[in-house]
Each structure stands twice: as structure tokens, then as C-alpha cells.
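Bear in mind these aren't lab numbers, they're just calculated from the coordinates by the rules spelled out. Source: prediction; values computed, not measured. With ideal geometry, Cβ positions are generated from the backbone for all residues, glycine too; neighbour counts draw on all protein chains shown.
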Amino acid sequence: MRALVIGFGKMGMLHAATLNSLEPIQEVVLAENTSLIREGVRTFNSSIKTYKNYHEALEKEKIDLAVVCTPTHTHLEILKDLIQKGIPTFVEKPLAASFEEVLKIKQILEESPNPNLKIMVGYCLRFVPTFVKAKEVLDKKEIGEILNFEATMFSSDVEEAHEGWRFQKKNQGGGVLLDLGGHLVDLVRFLFGKPEKIKGETKKIYSKNVEDQVTARFDYKNFFGSLDVCWSKPGVRKAEVEIRVNGTKGTLIVSNDFIKSPSYSADLSELAESVPFDLAGFFYTKQWLEFLECIQKDKLNRNNVNESLDDHEILDAIRNSA
Amino acid sequence: MMIDHLILGDNPFFGINHRSQTAGKEKLRQFDDVSKIVDLFQVAKNAGARGVMLAAHAKTKDITKKLIQNSDLKSNFSVYPNIPYLMKYVSEVTKNGMVGTATRMLTSDSGASNLLSMMKGGFGLVRKDFHRMIETGIDFEFSIYSNVKTPAIFLHNGIVDLLLGLQMKDVLLFYDDYIRQKYKSIPGFGTLNFAKLSYSLKSWGIQKPLIMAPFNARGYYMNPSRQACEKALLENDGTLLAMNVLAQGALDPKTAFEYLGKFGTIKHVIIGASSKAHIEESFGLAKKYLGV
């Protein structure tokens, strides 16, 4: 397969390097609009083809897989073109900037020549085994009936105002809600389902145009939960996720590092798996292995457009109720 | 020059604990005072260690300043830089993008850099001279270690594996040459993909490379598999600095070092330990089973 990576920033580099090391991929081609980056790639590996934009790449290459790693507000436009061309696509999260945009993507997909085209959204935490185990614990009712939960995700990335696209309101593509918040909302929906009622609040701490912190209350039929996401929390070395669930028979605590329930506890290192190539975390590779298998075997993948629609319904509800 | 056999790891000093971020923060508080860190270096030296790996963290300059105040450590305890401090740059790139981050770093007058280096970086950026940019980046990261002995300088596994994945051998070859020529040190390569890197470096002409990689009886973080890494160890020349040897605490030290010792060729290990008892036990068993 020949893969086209669109956008060669942090995530584009990670995905390009990982894909280039996986069996089904024979070549990785790049589309990147910053000439300095294209020249750097050509200097250090002239065999990697680079293009100024994805249109040029699609004209000149036969592409079997696309990887979209561009700012969120550009996703809808790019997905339209890739879906029309029938190219399976991996999109870095979030899929788009709003529920309306994700709905448009779903409609474009359903009306396209291949409505079963595979699209995966990069909610990589779904491939972290602690969260997979947590779902098993809840489904088996090991902690009994759920009473309430607290879900948090923090980083110390933003300790002053910044100008990049993540800090602009442009088409609502910026802000912590769609950044870290997207991961946490997807995990909460995965573990507990969609809430019936949502009330959110947003807060600017350093940023001028977007929120740096989001809190929300989720009401379900028989329990409730809270969400707290902030990218300006001091002293956090790398992004921390923690979900604490209180049930009638005990408590489950799960993070990106460990899981602890009345009957089971493990660190991520005990659950870690060897993979063909590990860059930045084996769960990124597991994500790719699943998506590549789903494309090759025509199976429905996780983190698909319908799941994203549910995620964005929640994200929009948080924003609209704030 | 060769590297020391027993090297102390630095994770506890910088709040890194791969099992628990809470435990990591606790260690960070425990080692808030750099004197306590340097005291632990002395404990490690007494137990047989002859060096410590130190990431290019903001605290490192204070640690090395304190280290050289101890005459025994200054003469007999080396520092192994692990550059760059990746989490800092990952966060920078998230906020400022790739070009913004490179510009800030290459033209920084942070006090850790000097005027010449800043000019080299700036000119490199303007002329798109990527090799000069890499030199500036290395010099910038290394500047905090200028007052200590550095037998080897390691390139962080995040960078090595990124370059390995993109097959950018020229950068790794350039790094190898630059470290030898400018710093008269051994270039070291960190990786989570020991098998792939070993074979690749060999095919690219880097003779007997120094590679730091996870190697343990459980196969944790040994990619693509423990068996493939063991095969690569047997089939490739070079020096392995084994890390994650206790598999994040899943292995007792005796089992861990018995495993490493059976190969006969593993003579260098890095161990993260933050108490006297743990240091003495781990380094004692390492000496016994590795024959060093």
C-alpha cells in the first residue's frame, strides 16, 4: 500500500515513521505546505516524495491510504475530496470542528460510491489496555451498579498565551475541549455511553480566544459523572488521564498508567505488548495494525464516523451549555 | 574510551515513573533538593556504579554543578547525557509548530547557549543548512554538561526511532560523526526497537554502535519481540546498554540479572533506583551476574 500523510507536524511525523515500518506499507508520501519542512525531508531522505499539497500528491501518485494530520478546521474539506476518491482515511482527532461538520462527513460518505469506505479517527487512548480492561470490569459489573464517576485529563502544555491554530476560535477548531477534551469525551462515551443531560462550563486562564479549561456534569438515567479537562494545570509532565468510578460494590480507578478495581489491578507496563515498531507508545502502532487489517479485510473499524458523531454530539452539548 | 559498566538511571530525579505519574511526582518532591540527588550518586558509586545518565532537563545544570563540588565524584563518576529533553520539545511543537519551535531553539540566547552558537543556528535556518541546524541543536542541548566528564552522549530514543522509521540514516551518521569529532565522546543511540536499529546501523556502516535499549526477561518494551532482540544481540557487533532490566518492577533483581548474565555479552546496564537498599541490591547483583 502507498500511504499519503497530509501535514508533517508532530503527529504527521509519528504516523509517517510508524507506517513506513509496517509490513503492508511499501511507500509513504508526504504533502506538507511548509517549504522548510519539505526541504528538510528531502535533505535527509531523498527517496521520500514530498508535495506542496495533497491535490498534487493525489494527481501524481496512486494512493491507497490517506492520513490527515492538519489543523481541525481543514478536516471537512480534505475528507470530502478523499471520500469522493474512495481512499481509506485515518484522521487525527477530532474528526472535525463540530457536530454539523461530522454530520456532513457522514452524509458525504453515505452518498459516495463507497459508503463502506474505512475512516478511523485517532482516539489512540482506546488502544491503551488499561481502558480496555476498565470496560471489561464495568461490563461484568465487578463494582456493581455505577453510582457516579469523575473523569479528568490534564497537561501543563499551556502556561501563557499562544498564537497557533489550537489557540484560535477559527470555526471552533481550537481550544482544550476539542484537543484534550476530545480524548476524554470519547473514553467516557466508550465506558458509560452517551449521557442524557449535559451541563458544561468553560474558562480562559491564559488564552485570549479559546478555553483553557472545561468542566461538565453528565447525567445518566441512574448515575451521574463529572468531567474536568485543562491544559494549563501546573506540574504535569505528560498528559494525565484518570477516571474514578464508584459503584455499589466498590471503586474502579483507571488511568493511562494503571487500573485498579476490587478484583484486578495492573500497571500499563504489565499490559504492554511488543509491536513491530514502537514510536511514542505501542498503542499508536496497535491503532495502525487494527486499521490496516480492517481495510484489508473490509471489516468495520473502531473509532469510525458514527462513533465520532456521538462524540461530537457530547462535545457540542458541553460547548453550547457553557 | 569505553563506557562504564554500571550506570545509574535518572528517572526518579525528574519525576518519571512509567508505572504511576503520582509516584513520579512524589519522587520529584523527594529529590527537589539537588544535594539529595548527588548524595545518591555517592551511594551508587560506593555500590559499584561509575556514572549516571542525565536527561537535558532544566535541573541538570544544577545537578552537575553540585556533582563537581564532590572531588570523588568529579574525578570518578561520569555523566551520560541523554539529549534532547523530548517532553519539552513535544510541548513546544504542540504550541508553536515545528518551524516555530526550531526557530526558537536555534536562535535562543537562553544562557545555556553562546552567541556563536546562536549565530550558527540563525544562519543555518536562513540558509536552510540543515546540518548546521543539527549541530546547533546538539550544541545547545549539550551546553549544560560542559563541566563534567561525558564518555558517551546518547541521542534520545524518541528521536532515534523517528529517524529510524523515516529511514533518515544521514542524520544518524551525521550525529555519530559530530559527537566523535567535536566532543570526543562515543555516540550512543537510545531505542525501543533494538532489533531494527541494530541491523540498520550495521547496514549503514556504523561500526560497533553503542545502543541503549530495553532488555529484560519479560520482554517488556522489546520490539518486535524478545526473541528478535535476542537474535539481534547475537548477530550484531556493538555494545548494548541494557535498560528496563527490572521490567518496571515486574522482575525481582536476581531473576533480572540472571537473564542478562546468560548471554555473556551484556556487560553494561543502566538501573533506575532511588534508595540505598535498592541501589546496593541491584548493583550488587549486576556485578555478580554480568561479571563486571
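Helical runs assigned H by DSSP (4 residues or longer) give chain A a calculated mean residue ellipticity at 222 nm of -10500 deg cm²/dmol, each run adding -39500 (n - 2.57) before division by the residue total. Taking amide H as placed 1.01 Å from N in the peptide plane, A:Phe90 has its amide H under 5 Å from the amide H of A:Ala66, A:Val67, A:Val68, A:Met120, each at least 5 places away in sequence or on another chain.
Sites listed here are trypsin sites (Lys or Arg not before Pro) in the range A:76-173 whose DSSP assignment is loop and whose Cβ has at most 16 other Cβ atoms within 10 Å: A:Lys85, A:Lys140, A:Lys141, A:Lys169. Three semi-axes describe the equivalent ellipsoid of chain B; taken as square roots of 5 times the Cα gyration tensor eigenvalues and ordered largest first, they are 30, 24, 17 Å. Across peptide B:221-232, the average count of Cβ atoms from other chains found within 10 Å of a residue's Cβ is 3. Here the 3J(HN,Hα) profile of the range B:273-285, calculated from phi with Karplus coefficients 6.51, -1.76 and 1.60 at θ = phi - 60°, is 8, 10, 10, 4, 5, 5, 4, 5, 5, 5, 5, x, 5 Hz, Gly and Pro shown as x. Considering only DSSP states other than H, G, I, E and B, which GluC sites (Glu not before Pro) in the range A:124-216 qualify as loop sites with at most 16 other Cβ atoms within 10 Å? Filter output for the range A:124-216: A:Glu142, A:Glu145, A:Glu159, A:Glu160, A:Glu163, A:Glu196. Under the combined filter of DSSP loop state and at most 10 neighbouring Cβ atoms within 10 Å, the range B:150-217 retains these trypsin sites (Lys or Arg not before Pro): B:Lys184.
For chain B, a Gaussian network of Cα nodes joined below 10 Å ranks B:Thr150, B:Thr103, B:Thr60 by mean-square fluctuation, and the top entry is B:Thr103. Under a 5 Å amide H cut-off, with hydrogens placed 1.01 Å from N, B:Lys149 pairs with B:Val79 among residues at least 5 apart or on other chains.
Neighbouring Cβ atoms from other chains, within 10 Å of the Cβ of residues in A:275-286, number 5 on average. Taking the DSSP beta bridges with both ends in the protein assembly as shown, the antiparallel portion is around 40 percent. Along the axis of the charge dipole computed for the range B:214-254 (Cβ charges of +1 for Lys and Arg, -1 for Asp and Glu, origin at the Cα centre), the listed residues B:Gly249, B:Gly238, B:Gln227 are led at the positive end by B:Gly249. Could you tell me which of the pairs A:Lys80/A:Lys135; B:Lys74/B:Lys276; B:Lys25/B:Lys254; B:Lys36/B:Lys74; A:Lys221/A:Lys299 are separated by over 26 angstrom between their Cα atoms in the structure shown? Beyond 26 Å: A:Lys80/A:Lys135; B:Lys25/B:Lys254; A:Lys221/A:Lys299. The mean count of C-beta atoms from other chains within 10 Å of the C-beta of residues in A:266-272, rounded to a whole number, is 5. Working note: Karplus 6.51/-1.76/1.60 with θ = phi - 60° gives the range A:137-153 the couplings 4, 5, 5, 7, 6, 5, 9, x, 7, 6, 9, 6, 9, 10, 10, 10, 8 Hz, where Gly and Pro are set to x. Taken one residue at a time, the phi angles of the range B:211-224 give Karplus couplings (6.51, -1.76, 1.60, θ = phi - 60°) of 10, 9, 8, x, 8, 7, 5, 8, x, 4, 6, 9, 10, x Hz. Gly and Pro are set to x. Think of the protein assembly as shown as a dipole: +1 on every Lys or Arg Cβ, -1 on every Asp or Glu Cβ, centred on the Cα centre; then among B:Leu28, A:Gly182, A:Gly12, B:Leu28 lies furthest on the positive end. In summary, the aspartates and glutamates within cross-link reach of B:Lys182, defined as a Cα separation below 20 angstrom excluding same-chain residues under 8 places away, comprise B:Asp129, B:Glu135, B:Asp139, B:Glu141, B:Asp170.
With a 10 Å cut-off between alpha carbons and a GNM built on chain B, which of B:Ala58, B:Ala47, B:Ala256 moves the most? With Cα springs under 10 Å in chain B, the top fluctuation among B:Ala58, B:Ala47, B:Ala256 is at B:Ala58. For B:Met212, the residues 5 or more places off, or on other chains, whose built amide H falls under 5 Å of its own are B:Phe189, B:Gly190, B:Thr191, B:Leu241. Taking the Cα centre of chain A as origin and assigning +1 to Lys and Arg Cβ atoms and -1 to Asp and Glu Cβ atoms, the resulting dipole is close to 180 debye.
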